[in-house]
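Taken together, the values in this text are just the output of simple stated rules run on the coordinates, not laboratory data. Source: prediction; values computed, not measured. Here the Cβ is made from the backbone with ideal geometry for all residues, glycine too, and neighbour counts use every protein chain on show.
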There are 2 protein chains.
Amino acid sequence: MNEAIQSWVERIRGGDVRALSRAISTIEDQRPEAVALLKALFPHTGRARVIGMTGAPGAGKSTLVDHLAREYRSQGRTVGIVAVDPTSPYTGGAILGDRIRMQAHHADSGIYIRSMATRGFLGGLARATTDVATVLDASGKDIVMVETVGVGQDEIDIVRLADVTVVILVPGMGDDVQTIKAGIMEIADIFVINKSDREGADRVHREIRAMQSLAARKDAWTPPVIKTVASEGKGSVELAAAIAGYEKFLAQKDLLLKKKISNWRERLLEMLRESLLQRLLTERLSETELSHLAAEVAGHRRDPYSAVEEIVASFSSAELESKNQ
Amino acid sequence: MNEAIQSWVERIRGGDVRALSRAISTIEDQRPEAVALLKALFPHTGRARVIGMTGAPGAGKSTLVDHLAREYRSQGRTVGIVAVDPTSPYTGGAILGDRIRMQAHHADSGIYIRSMATRGFLGGLARATTDVATVLDASGKDIVMVETVGVGQDEIDIVRLADVTVVILVPGMGDDVQTIKAGIMEIADIFVINKSDREGADRVHREIRAMQSLAARKDAWTPPVIKTVASEGKGSVELAAAIAGYEKFLAQKDLLLKKKISNWRERLLEMLRESLLQRLLTERLSETELSHLAAEVAGHRRDPYSAVEEIVASFSSAELESKNQ
């Protein structure tokens, strides 16, 4: 292993915040040294509990995550937070937001918060986010929380790959939001009804129970429903307890490793997909060739489905072998 | 070409709704005959104008899309609609919703509406949606509208690949939604402020203008802002006119082909990514091997980054060639 990478890894493991931030930027910007760094960090991972938190816009995710982080800190556990933030670079909102959130924790060195921009990651956002969670794990954080807006499929895929997935709902957000809620019912290990002092909290609770009665989970776990008022810090103790309860269930039933294997299966597929494309673009299909092909397809001179088949066939060694037969 | 495919294509082009629906299901379910069908349909595409419509949950997208469709019908143009719907299969909401929406158009055969479920499409939703738009194009629809919830990156990627992208905002949806709005500013060719009879519509308008003043578009187009009240059918004539205005701009500046080339470049990359993975899984990496690798990684006996590199290297023929040197 490269010496620079080695010393970088040591600094990350030693709690050096600048080394950690630089590692995350390296992954976010997909810089060439990212893979070498991740390889070197991997042996030091696997200790953190990864908690995915998702909910509709306006559900109060950040506030809830911050209070939950505070609860874990009071238990003496260190916390890393990755927030997948759809803010445009126009506003610089993400970085500013991180600073404000960090300040709320009084510069506690046991907590680290980082936002990821969602733009420019066509297909690779889930990969980048899980890689960042890996870095936080290697840095020695006991708890890694991944926070996303739970509407897009990509964002749902991100939290789905956590050890524990928390879905945050709020009362009275209208029909469209109820529809979205239905789409993420299956990924929830724990439900939170935030802003539960508002009218309609009981109705949301009943709706969750009604949906749960329609389909039992394969693992026989019934996701508990926790009511919180994050703006007042209410319910975060109960939420931490519910998460601990689910962890205990996973441990008793020997399901945690099973869940990790299933998650890694998905991650490996995503990594293979991206890595295959990168290799193709490096070795077989130049930018000029790609642009030329796009122009031919846009001009209807070539059908894209056959073109893709041909390119992929010429890339795979299996095709070469079959030609030799 | 297969005779069955040939006759299927003829029926789609002849306006057979059952043949069309079956084609879309074939793509949605990723059935083996999907690619052969798409190849056969491709020569008959390229005539439709594809309009992407996106907005936050609760922005009234479906209602607006339906009214816009009605406006196009009154102009004598046929319309196909693909709605990317985050509804879970639990509820069967998507199919039911399509029927209700179709009924609102009094079984007009010049309009076709289809929802796509967003689940089970890890990374492939944009691909499936654009393929469905291709089928609707081949079926002879003059206008194809693609409607998504504009929060997730995946959903944004979908509408970004349209000829014309419409971003729908609403007044008074709080800070979180304003943040999301910022994330999709750049993809809008046209802004709609729906529910514009509500308080705060002027503020949203000013915010759009303020953001536009920060960054000019490369093509020098200034996206117009159209105010609508979709629930009362207000503003759809103006929206159709604004879309026509942008089309005229694209035609005058000779930009439409450029935009189509750039969109196809993205689509080809996505198709290559998926096709490479499928070939790898068919020819090199069995389900058993993948599961075994996932277990090794989850157990920390193997680092996933090196494993992926090795698999990809052994798959690419370039590697074989370099070994022979």
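What are the label-to-label distances in nm, one decimal and shortest first, from B:L257 to the same spot in the other copies, with labels 7 Å along Cα to Cβ?
Label-point separations across copies, in nm and ascending: 6.1.
Past 21 Å, Cα to Cα: identify those pairs from A:K61/A:K218; B:K218/B:K258; B:K218/B:K253; A:K39/A:K141; A:K61/A:K234, in the order given. Write down the numbers at each step before the final one.
Details: A:K61/A:K218 28 Å; B:K218/B:K258 13 Å; B:K218/B:K253 12 Å; A:K39/A:K141 18 Å; A:K61/A:K234 14 Å.
Listed pairs above 21 Å: A:K61/A:K218.
How far is B:S25 from the same spot in each other copy, in nm, shortest first, if each label point sits 7 Å from Cα toward Cβ?
5.3
Name the GluC sites (Glu not before Pro) in the range B:282-314 that are in a loop by DSSP and that have at most 12 other C-beta atoms within 10 Å, would you?
Values: sites: B:E283, B:E287, B:E289, B:E296, B:E309, B:E310; in loops: none.
Nothing satisfies the criteria.
On full extension of the chain, what length is gained from B:Q252 through B:R206, given 0.36 nm per residue of separation minus the C-alpha to C-alpha distance? Mind showing how you got there, number by number?
Values: separation 46, 0.36 × 46 = 16.56 nm, distance 2.89 nm.
Fully extending the segment from B:Q252 to B:R206 adds 13.7 nm.
Taking Cα centroids, how far is the range B:221-255 from the range B:1-57 in Å?
28 Å
If each of B:S231 and A:E199 carries a label point 7 Å out from its Cα toward its Cβ, how far apart are those two points in nm?
My value for the distance between the label points is 1.6 nm.
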